[in-house]
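Written below as structure tokens is the structure these notes are about.
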Amino acid sequence: MDLRSKDAIESSKQHDIDMGNILIAEFMGKEIYQKHHESNYHCSWDWLMPVVQKCRQENRLDYFDFVYYALEQCDINITYKAVVEFIKNQNN
């Protein structure tokens, strides 16, 4: 794999993180200026756990089970992805 391909993959991953963080920030009712690069939902349990709590409170769909199982893994990446998917499903 050449350097440009690696850069494209990293750029795509960062874009996904940015979009996930914006989605979570909107779900949490944050102002627009707080949404972007200041968000650490993807890398901080301190940031992510209040979101998990809100997901649990707003469990209108049965999708919270995926968040719960992700938490059992004790892996922030898995939990972050489950939270993003939960919010996407809530928005549909």
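Cβ neighbours within 10 Å, averaged per peptide: list 20-30, 44-54 in order, most packed at the top. Present the calculation step by step, with values, prior to reporting the outcome.
Details: 20-30: 17.6, 44-54: 15.0.
Averaged packing, sorted descending, gives the order 20-30, 44-54.
Residue separation times 0.36 nm, minus the C-alpha to C-alpha distance between Gln90 and Ile22: what's the value? Numbers along the way, then the final one.
Values: separation 68, 0.36 × 68 = 24.48 nm, distance 1.51 nm.
That pair, Gln90 and Ile22, stretches by 23.0 nm at full extension.
For Cα pairs less than 8 Å apart in space and 6+ apart in sequence, what is the mean separation divided by the residue count of segment 15-91, i.e. the relative contact order in percent?
It comes to 30 percent, rounded to a whole number.
Students often check this: by mean Cβ neighbours within 10 Å, which of 64-72, 83-91 ranks highest, and how do the rest follow?
My ranking of the peptides, most packed first, is 83-91, 64-72.
Give me the dipole magnitude in Debye, nearest 20, for segment 15-91 about the Cα centre, with unit charges on the beta carbon: positive for Lys and Arg, negative for Asp and Glu.
180
Expected output is a single nm value to one decimal: the length gained when fully extending between Glu38 and Ser11, i.e. 0.36 nm times separation in residues minus the C-alpha distance. What is it?
8.0 nm is the gain from fully extending Glu38 to Ser11.
Values in this text are rule-based calculations from the coordinates and carry no lab data. In this text, all values refer to a predicted model and were calculated from it rather than measured experimentally. Ideal geometry is used to build each Cβ from the backbone, glycine not excepted, and the neighbour counts take in all protein chains shown.
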